[in-house]
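Taken together, the values in this text are just the output of simple stated rules run on the coordinates, not laboratory data. Quantities reported herein were computed from a predicted structural model and do not represent experimental measurements. Here the Cβ is made from the backbone with ideal geometry for all residues, glycine too, and neighbour counts use every protein chain on show.
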Amino acid sequence: MSGALGKVLCLRNDTIFKQAFSLLRCRTSRENPICSAGGFLLNTSRHYKTKPTHGIGRYKHLIIAQEPKKKRGKVEIRPINLGTDHEYGVINIHLTAYDMALAESYAQYVHNLCNDLSIKVEESYALPTKTMEVLRLQDQGNKMFLDSVLTTHERVVQISGLSATFAEIFLEIIGNNLPEGVKLSVKEHTEEDFKGRFKARPELEELLAKLN
């Protein structure tokens with residue numbers, strides 16, 4: 001009898017607890033609306049409605065202002081070092097080849113060799129590519145037809161401060177390691193060599209001549 005009475009009291013307590021929980025849930029839902037989804041309680045109140053929204057989404061004040069790019073001026077010719085009695089001035093090492101990869105790799109070798117031997121390299125640059133058409137005469141007739149087009153690539157390694165005693169040894173080293181198909185020439189740097197780096201603009205030169 002006592003066991004049945006205990007089960008009835010437990011069931012009654014469970015029902016009372018469920019009713020109290022449902023009343024509490026309804027009361028809180030009126031004050032702060034809550035919706036349940038998948039066993040979780042989600043708050044649907046929007047607290048930001050009463051707050052100002054100006055400035056949201058603006059980001060330009062976070063970006064650092066960049067300085068305007070300076071216009072490139074006219075390239076000026078630097079004063080040419082003529083050297084002394086015991087030391088050469090500025091020397092250009094010209095490397096010419098029909099294969100661009102071959103000329104580029106050997107120019108890189110000469111540049112690295114100068115660095116290893118403590119020879120100052122002013123700059124290393126490429127000259128404009130030149131093309132030459134090879135014409136062939138027909139076996140029967142006087143007409144010429146295009147046989148092939150040869151493209152010449154030239155690289156220049158400009159050095160300075162080469163001593164007169166070491167110059168002969170240096171030229172012998174680069175001459176012995178010269179690959180096939182590459183032409184080597186060494187000469188002093190002049191103003192004409194500097195102008196030869198840029199493509200000629202005859203139309204602009206004519207206009208400047210008329211203005212002057």
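Couple of notes before you dig in:
- A Förster radius of 22 Å combined with the Cβ-Cβ distance from K70 to A209 puts the calculated FRET efficiency at roughly 0.15.
- Once the chain from D116 to R136 is taken as fully extended at 0.36 nm per residue, the excess over their C-alpha distance is 2.5 nm.
- Spacing of the modelled spin labels on R58 and A167, each 7 Å from Cα toward Cβ, amounts to 6.9 nm.
- Remark: spin-label model distance T190-A126 equals 2.6 nm, labels positioned 7 Å along the Cα→Cβ axis.
- Members of K187/K210; K70/K130; K120/K183 lying beyond 28 Å, as alpha-carbon distances in this model show: K187/K210; K70/K130
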